[in-house]
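Comments concern the structure below.
The values are calculated or read from the model by the stated rules, or taken from the named source; none is laboratory data. The structure presented is a predicted model; accordingly, all values stated were derived computationally and were not measured. Note that we place each Cβ from the backbone using ideal geometry, even for glycine, and neighbour counts take in every protein chain shown.
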Amino acid sequence: MASKERLYEVWMLYCTKRDPDYLKLWLEIFISSYERCLDVDFEKPPSRPEEVPPVLTLLPDNILQVLRHQLLQCVQKASDGLEPEQQNLALLLLKFLIIICRNLSNVEEIGTCSYINHIITMTTLYIQQLKSKTKEKEMADQSQAEEFVRHALAFCESLYDPYRNWRHRTCGEQLGTVERSRQKYKAAPLTVEFVPFFYQCFQESEHLKESLKCCLLHLFGAIVAGDQRNALLAISPATMEVLMRVLADCSMGSCSSDEGEDWDSEAPDRKALLTLGCLREVVQRLLASSSDQRQVEIASVLENYFKLLNSDPAAVVAARQQQQQQAKGRVPTLGRHWESRFVALQVNMLDTIRDMFLCSDRPVLQAIFLNSNCFEHLTRLLQNSKLVNARCTAADKDQKDITNNRLLTGERDTQVFQGRLDSLAVATIKALTTVMHKSPAAKEVFKERIGYNHLYEVLTSLGQPSRHLLKELMNMAVEGEHTSVGLLGISNVEPLLLLVQWLPELDSSERQLFTADWLRRLSCLNRQTRATCVNAAMVMRALAALECYQRLHRACAESLLALLGSLGSHSLSARELQRLLGLLRPPESTQAHPYVGPALRALLAMVRKQGLESAMQYFDLSPSMAGIVVPTVQRWPGSAFSFLAWLSLDQDQLGQPSKDKRKAALQFFKIFIPYSFFTPGGTGFEAFISSAGVLVVAVCTKKEYVTVMLPDYCFCDSLWHSIGVVHVPGKRPFGQSLVYIYVDGQQKLSAPLKYPTMTEPFISCCIGSAGHRTTTPPPSQIPDPPFSSATTPTTRSSLGGILSPQTWGGLLGGKSESVTKLISAGTQDSEWGSPTSLQGQLGSVMVFHELLQPNHIKAICSAGPNCISPFKAQESELGDLSTKLLLHYSPKACRNPICLDLSPNTLHGRLTGNKVVNWDIKDMINCVGGLPVLLPILEQLSLVTPDQQASDPAAGSDFITPDVSTPADGDWVILPSNRASEARLEKNLVATFLLVLKHFLQRHPINQENLLHSHGVGTLGALLQKLPAGHVDVSVLVAMQLLIEQVTYEKNQALLQQLHTHLLFNFNIWNKGDFPLRIGHIQYMSTVIKDNRKQFRKNTEFSSFWTPYGFITGRTVTKRAT
């Protein structure tokens, strides 16, 4: 209160006497009252003033006129030189204006006055004086001028960036659209004198302090960040020339020889970082504007930017040195210090590219970058960095004798600079990832223009990579943190292929292990990642790397083989299998291949598929617009509608449940369409799967859209499911129409559902996509929604009330909740969500025009997803069902983009998406010679020493289960009756081979016949006889037992008899084991004979040999009889 009274008193004295001293006193009192609002340091983070200055209406009425008059007098005298008192008054006026503008309601009025023009005029004069100062006069009289310039620039910031947006950005805070929309007051209109002022300040500015240059850059950034309109006025060819020149001067980094070099300062100066921040804001502002508003195009900014990024400052500085030598001036020197600073500047320029993409219109900016040949520029940057490294090394050798200190630290400096180059490579990879992020078109452009083979050559030319660079290549594949691959998936598989190719070239075993381990984690995480890697031919890359096994660490090679096993379980072609078997050829006939054990386990992982049967060929409908378009069905030939298909949805499409009701309602924001059949009138059939993984079957009539939901069943589980939907019309005029839903051959739901009119042609028919669905009509045409009860489903039929809740409970298996929902036709998108493609995998599809019985659907489902003609495989059960087929699409009968209709109706579809072909190793083994090609692997096992097998990480105890413990001499071995754990059997390589053979025979008659007629079992027995004694143990016996049990289950008596003859009853194999093993063998042999007495009695060879020992007659076998 005292200060306000004092201000009033002083102001009245000034108005009475018109003495400038009273005006100065009034200004000093006012400024001291709001001194905290006087923030002229651009480097400080923004803060709100504790006490907001008053609005202009609370100040004296003629204060603005008085200040304008005083400021004009200062301007007029400034050209001749101001006296200290006048300089002090001008500074006080400037401080007053800064404080007043901290009340944002005053900004617009202050900006419309002529203060800013007068202040810019005075600031220009002061800067000219500061630029002309020589070094001898620097400290004489520049303090007041410099202080005025700083306050003038801060005043401009208060006008053009009142909310301090630029300072928020420099502090690392990202202001979003919402925060900007909350900014109530607008910035003042930019004066036309700013661009000439800014351009003039950087002309011949060698003697201008770097701190003042930074303030000027801060001001430019504040203008661009403060307001879109002012930004477009400030972004001009002149200002862009200034920014690029400043950045180019920073890239030179030269210094005079008498100044010396600061070897500890290797980071780019503050001026360069501010310039990059300004360019980031410039690009984002230009991107948010229209072409008629821009003075400069983004393409021209990027052209100069990339030109500077790939410049050779050494050549420019050399030219300057020559000029200054001719002029006998001071010669600037270049050294290691400059090289490191230039690399650090390039890294920051690359990081700025990533910051430019933090905008709302990212695809447009990606297209501009592609048109600017950004990929070529970034790749050339890596190539040039190799030359920089060579030049730096040469400079070190030439200058080692300058100082003893340099000689001692030369090796350390080389390591530091190599780290700088590695950081440059990392930043380049990050920039490439940013430009290609979520853009298939950008990825294709990079593959066409540059190619990953060329990128690999460039990276390898830089020397050995660091772990950071290896991680960044993995991040490039995931387009995020590689540790989050479970959430992100693999978006770009090419960098992973590059890493596989790079493995043999890595000198560090630690980096080999790190890379191979993460490659296995990323590629084998789930079915989707395995499919992506298999389709990209990663198996061939891994095999090529394994061929250089001499340069691979053993653990790295084993990790690669585990990767092969996982990918091969998804798909393995005959060429890949042949190359894998060729890889296992021993280097010498007397030695086994060093990786025969891990390779054998990889084969076991390939042939032993875990889980349910999967489709080997399918339609990949992952893109949002993918699907199969069916031709028009002019006339529906039957009286019902039946749909059968195999499909699989990944778990990452399952929405997370939320307790919030609003968020829970948003779980249906997207629906995945298995099929959609509609007439011109908008009636038809449809089914979709919500983002929660729930199947919904719908029928659309002219007025209603009726849905039936299958509760408590989620399809987003990454498994293959057979889905069947059968619509049955009412048999009588007032009969009830029904829908039946089948999952995996079992009926899961039966419910009443309307049946649409089938007289019109079906013109919009799609499978796996929504196609041209009915659009939402105008509100005036939408009828009132029909009444829908929360407990019982109702229809407009007069007999709709007959169905009671008890009836619903019977239909739903005892569940009383309603699964039917009625809404108005045309509002389904707003109710259920926007339609999209299946975004999963689709197998064979069949549509029938007649009713399918449950036994029909069960028979088709039992044929499996890989059966191309279930009608022939299940002819006895399906009968003439093929005559009721409307269309039948199979991935095996598809040649992009045409899907052949396997029904007689020839409704050939058009595929938008990809057809994926996978190969089962059980089938591919017959393309390379059949099962006998595996026998050389068994022959190698006889060359594996016990020490090599003990060194295997998977090797351990020979015994299978806790029930089979190590026996004492003379004790019996009791074999477990249940099937032993195969994981424990894998510790013995011979047992692993028998398991591989067992899985090749499992459910594969062709492989069984191949082994039978190629004398494979006899050869197998002969090779087992050659094994050393230490290789045959209980694991081999149990594996042989599992093999015999599998063949017994397959009911192949001829093959089973050969197994008995050449394996089970071949004592030359089992006599090599210790006494407990021989007892166990006899025990199992006795069990087999007793379980098949009739069969062995008929065989005279077995009967005459075993009858004296009592095996067939049933006499007890004693310990002494052995």
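Quick rundown of the values:
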{"quantity": "Flag if TYR34 is over 23 Å from ALA188 (Cα atoms) and hydroxyl-bearing (Ser, Thr, Tyr)", "calculated": "no"}
{"quantity": "Any hit, the range 651-662, residues being at pLDDT below 80, in contact with a helix residue (DSSP H, G or I) (Cβ under 6 Å, 6 or more places away or on another chain) and surrounded by fewer than 19 Cβ atoms within 10 Å (Cβ to Cβ)", "calculated": "yes"}
{"quantity": "Given (1) under 25 Å from LEU1001 (Cβ atoms); (2) more than 27 Å from the chain's Cα centre (by Cα), index of the condition MET606 fails", "calculated": "(2)"}
{"quantity": "Selection within the range 435-460 - under 18 Å from ILE490 (Cβ atoms) and outside any helix (DSSP H, G or I)", "calculated": "HIS437, LYS438, SER439"}
{"quantity": "Hey, THR707 of a type in the set (Ser, Thr, Tyr), at negative phi and modelled with pLDDT under 90 or not", "calculated": "no"}
{"quantity": "One residue from VAL178, VAL107 being surrounded by fewer than 23 Cβ atoms within 10 Å (Cβ to Cβ), β-branched (Val, Ile, Thr) and over 30 Å from GLU28 (Cβ atoms)", "calculated": "VAL178"}
{"quantity": "Any hit, the range 897-908, residues being at pLDDT 90 or above, of a type in the set (Ser, Thr, Tyr) and either surrounded by 16 or more Cβ atoms within 10 Å (Cβ to Cβ) or farther than 30 Å from LEU842 by Cβ (or both)", "calculated": "yes"}
{"quantity": "For LEU1042: the one exception among (1) in a helix (DSSP H, G or I); (2) within 18 Å of LEU934 (Cα to Cα)", "calculated": "(2)"}
{"quantity": "Of the criteria (1) closer than 25 Å to MET244 by Cβ; (2) modelled with pLDDT of 90 or more, which one ALA187 fails", "calculated": "(1)"}
{"quantity": "Residue that is farthest from PHE619 (Cα to Cα), among those in the range 830-882 that are in contact with a strand residue (DSSP E or B) (Cβ under 7 Å, 6 or more places away or on another chain) and small (Gly, Ala, Ser)", "calculated": "GLY833"}
{"quantity": "Breaking point among (1) of a type outside the set (Gly, Ala, Ser); (2) out of contact with any Lys or Arg (no Cβ under 6 Å at 6 or more places or on another chain); (3) modelled with pLDDT of 95 or more; (4) closer than 27 Å to GLU481 by Cα, for PHE375", "calculated": "(2)"}
{"quantity": "Given (1) surrounded by fewer than 19 Cβ atoms within 10 Å (Cβ to Cβ); (2) within 13 Å of the chain's Cα centre (by Cα); (3) assigned to a helix (DSSP H, G or I); (4) not assigned by TED's automatic domain parsing to the domain that holds LEU564, number of the condition LEU487 does not satisfy", "calculated": "(4)"}
{"quantity": "Residue in the range 136-144 that is of a type in the set (S, T, N, Q), surrounded by 12 or more Cβ atoms within 10 Å (Cβ to Cβ), out of contact with any strand residue (DSSP E or B) (no Cβ under 9 Å at 6 or more places or on another chain) and without any contact (Cβ under 8 Å) to a residue 24 or more places away in the chain present", "calculated": "yes"}
{"quantity": "Residue satisfying all of: in the range 304-327; at pLDDT 90 or above and surrounded by 14 or more Cβ atoms within 10 Å (Cβ to Cβ); nearest to GLN383 (Cα to Cα) among these", "calculated": "ASN310"}
{"quantity": "Test: ASP258 is under 16 Å from HIS377 (Cβ atoms), of a type outside the set (Phe, Trp, Tyr) and at pLDDT below 85", "calculated": "no"}
{"quantity": "Of all residues in the range 830-861 being surrounded by fewer than 16 Cβ atoms within 10 Å (Cβ to Cβ) and at pLDDT below 90, the one that is farthest from PRO752 (Cα to Cα)", "calculated": "SER834"}
{"quantity": "Breaking point among (1) under 23 Å from LEU738 (Cα atoms); (2) in contact (Cβ under 8 Å) with a residue 60 or more places away in the chain; (3) buried (at least 20 other Cβ atoms within 10 Å of the Cβ), for TYR889", "calculated": "(1)"}
{"quantity": "In the range 919-966, the residues that are modelled with pLDDT under 65, in contact with a helix residue (DSSP H, G or I) (Cβ under 7 Å, 6 or more places away or on another chain) and among the acidic types (Asp, Glu)", "calculated": "ASP952, ASP958"}
{"quantity": "The range 863-886, subset more than 16 Å from PHE643 (Cα to Cα) and of a type in the set (Ser, Thr, Tyr), residue surrounded by the fewest Cβ atoms within 10 Å (Cβ to Cβ)", "calculated": "SER876"}
{"quantity": "Single unsatisfied condition, PRO495 versus (1) in a helix (DSSP H, G or I); (2) under 21 Å from GLN383 (Cβ atoms); (3) of a type outside the set (A, V, I, L, M); (4) not assigned by TED's automatic domain parsing to the domain that holds SER566", "calculated": "(4)"}
{"quantity": "Selection within the range 181-216 - loosely packed, with under 14 Cβ neighbours inside 10 Å, among the basic types (Lys, Arg) and in contact (Cβ under 8 Å) with a residue 12 or more places away in the chain", "calculated": "LYS184"}
{"quantity": "Condition check for LEU421: buried (at least 17 other Cβ atoms within 10 Å of the Cβ) and at pLDDT 95 or above", "calculated": "no"}
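Matching residues to (1) without any contact (Cβ under 8 Å) to a residue 60 or more places away in the chain; (2) within 23 Å of LEU153 (Cβ to Cβ):
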position	(1), (2)
ARG18	yes, no
TYR22	yes, no
GLU35	yes, yes
VAL40	no, yes
LYS44	no, yes
GLU50	yes, no
THR57	yes, no
PRO60	yes, no
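For (1) in contact with a Pro (Cβ under 7 Å, 6 or more places away or on another chain); (2) touching a residue at least 24 places away in the same chain (Cβ under 8 Å); (3) under 24 Å from ARG245 (Cβ atoms), each residue gets a yes or a no:
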site	(1), (2), (3)
PHE148	no, yes, no
SER158	no, yes, no
CYS171	yes, yes, no
GLU179	no, no, no
